[in-house]
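First the structure, in the form of structure tokens, and then the observations on it.
Rule-based calculations on the coordinates, nothing more; no lab input. Note that the structure is a prediction, hence the values are computed from the model and not measured. Reconstructed Cβ throughout: ideal geometry from the backbone, glycine too, with neighbour counts over all protein chains shown.
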């Protein structure tokens, strides 16, 4: 499993410029959903056991982290714009996780921090629907 649990959608080189200019950027919602589901399933056994102790160091139990991942999975189905606040709260729970030092792998807590941040940042793109767009 890679150190950073992302599907690449968050680090496109033109995200910032497109956002600043108010330009639409296409996000493949099906890919994000599928990748999110796969990442959740891959992370759940690791967070259940808090394999590196980083969750406990932040005061987050493995059970809470699993519940947070499951909640993210639930949010990905209806894609309600109002759920952006829930994603923000999920991210903020892990916001204190320190980034890895150069050359070291990211802690589990940091990976969750960045995973929730990525989905929170993508949320406005995931909840937009074009005319006649069926959704997922």
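Straightening the chain between residue 51 and residue 92 buys 12.6 nm, computed as 0.36 nm per residue apart minus the Cα-Cα spacing.
Starting from the Cα-Cα distance between residue 101 and residue 125, subtract it from 0.36 nm times their residue separation and give me the gain in nm to one decimal. Mind dumping the intermediate values first?
On the way: separation 24, 0.36 × 24 = 8.64 nm, distance 3.14 nm.
In short, 5.5 nm is gained.
Which order results if 60, 47, 86 are arranged by neighbouring Cβ count within 10 Å, fewest first? Don't jump to the answer; show the numbers that get you there.
Values: 60 21, 47 25, 86 17.
With the sparsest Cβ surroundings first, the list reads 86, 60, 47.
Note: relative contact order over the range 28-126, using C-alpha pairs below 8 Å and six or more positions apart, is 28 percent.
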